[in-house]
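What follows is a set of notes on a single structure, which appears directly below.
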Amino acid sequence: MTKDQLRQEIIESKNVLLQFLRHPLVQMKQMPDWTWKRLFLVLIIIASGTGGLAGFLEKKIILSIIAGLILTPILTAIQITVASVFFYYLFQIFADKTVSFRQLFTVVLFAFIPQLVLNIAVGYVPPIALVGMLFTALLLIVGFVENFQLSRKLVLRMVAILYVIFFLIWIWGRISSSKLETTWHEQNNAPEVHLGE
């Protein structure tokens with residue numbers, strides 16, 4: 001690839017992403033036909049940027065920033081790949097349709113972008129994770145229906161079930177985290193010392 005081609009790809013990718021951020025629902029209807037290399041580069045750049053920023057805002061220590069820069073892209077790539085494989089086989093089983101895996105991955109990647117952006121503030125406002133997942137669910141519905149001509153009712157049902165599962169897992173995680181924190185504080189509270197008694 002020449003320097004001009006690389007520059008052209010960068011400009012095109014930036015324009016597509018900016019257009020997506022301005023009009024996400026409209027852009028979900030016409031996904032770009034990018035190579036695997038470009039998809040993973042975009043994923044790494046967005047996930048690293050949002051992960052590093054989240055680490056900086058939450059703890060403001062170098063270790064959490066580095067973890068955000070390195071771990072977020074890895075975990076996001078795993079999440080998006082697993083979700084894509086899941087939907088790939090789900091469509092075959094329930095819609096009797098085989099779709100292009102790269103196109104499916106593209107739809108899932110773009111649908112995850114709002115969640116990644118909103119995760120920056122999760123350390124301060126934990127319920128924002130649910131808002132991010134709601135945006136992702138809405139974009140997945142539009143993306144699946146418009147790009148793969150799947151039944152809106154079927155897609156809505158699939159995505160709604162997954163969102164409810166995510167919501168219940170999130171609630172359970174918050175309750176477990178709260179209980180663990182309370183237990184830790186109770187065990188580590190030093191007894192009061194009364195001098196002269």
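Worth pointing out:
- Residue pairs meeting the criteria (Cβ under 8 Å; at least 6 apart or on separate chains; first under 14 Å from residue 145 (Cβ atoms), in the range 88-110; second open to solvent by 60 Å² or more (accessible area, probe 1.4 Å) and not hydroxyl-bearing (Ser, Thr, Tyr)): 91/97; 103/33
- Scan of the range 130-172 for residues that are of a type in the set (Phe, Trp, Tyr) and more than 15 Å from the chain's Cα centre (by Cα), ordered by number: 144, 148, 172
- Top-ranked residue of the range 114-141 - restricted to ones that are among the small types (Gly, Ala, Ser) and at pLDDT below 95, ranked as surrounded by the fewest Cβ atoms within 10 Å (Cβ to Cβ): 123
- Hits in the range 92-102 (condition: part of a helix (DSSP H, G or I) and open to solvent by less than 90 Å² (accessible area, probe 1.4 Å)): 92, 101, 102
- Scanning the range 112-150 for residues that are in contact (Cβ under 8 Å) with a residue 60 or more places away in the chain and over 17 Å from residue 20 (Cα atoms) yields 119, 120, 121, 122, 123, 124.
- Test: residue 168 is more than 25 Å from residue 30 (Cα to Cα), at pLDDT 90 or above, surrounded by fewer than 18 Cβ atoms within 10 Å (Cβ to Cβ) and out of contact with any Gly (no Cβ under 8 Å at 6 or more places or on another chain): yes
- Of all residues in the range 49-68, those that are buried (at least 18 other Cβ atoms within 10 Å of the Cβ) and of a type outside the set (Val, Ile, Thr) total 7.
- Qualifying residue in the range 29-51 (condition: touching a Gly at 6+ places or on another chain (Cβ under 9 Å) and over 22 Å from residue 122 (Cβ atoms)): yes
- Verdict on residue 71 being within 19 Å of residue 112 (Cα to Cα), under 15 Å from the mean Cα position of the chain (by Cα), at pLDDT 95 or above and surrounded by 12 or more Cβ atoms within 10 Å (Cβ to Cβ): no
- Test: residue 144 is among the aromatic types (Phe, Trp, Tyr), at pLDDT below 95 and surrounded by 11 or more Cβ atoms within 10 Å (Cβ to Cβ): no
The values are calculated or read from the model by the stated rules, or taken from the named source; none is laboratory data. Quantities reported herein were computed from a predicted structural model and do not represent experimental measurements. Reconstructed Cβ throughout: ideal geometry from the backbone, glycine too, with neighbour counts over all protein chains shown. Each accessible area value is taken on the protein alone, full model and side chains, heavy atoms only, with ligands, DNA and RNA left out. Shrake-Rupley method; radii C 1.70, N 1.55, O 1.52, S 1.80 Å.
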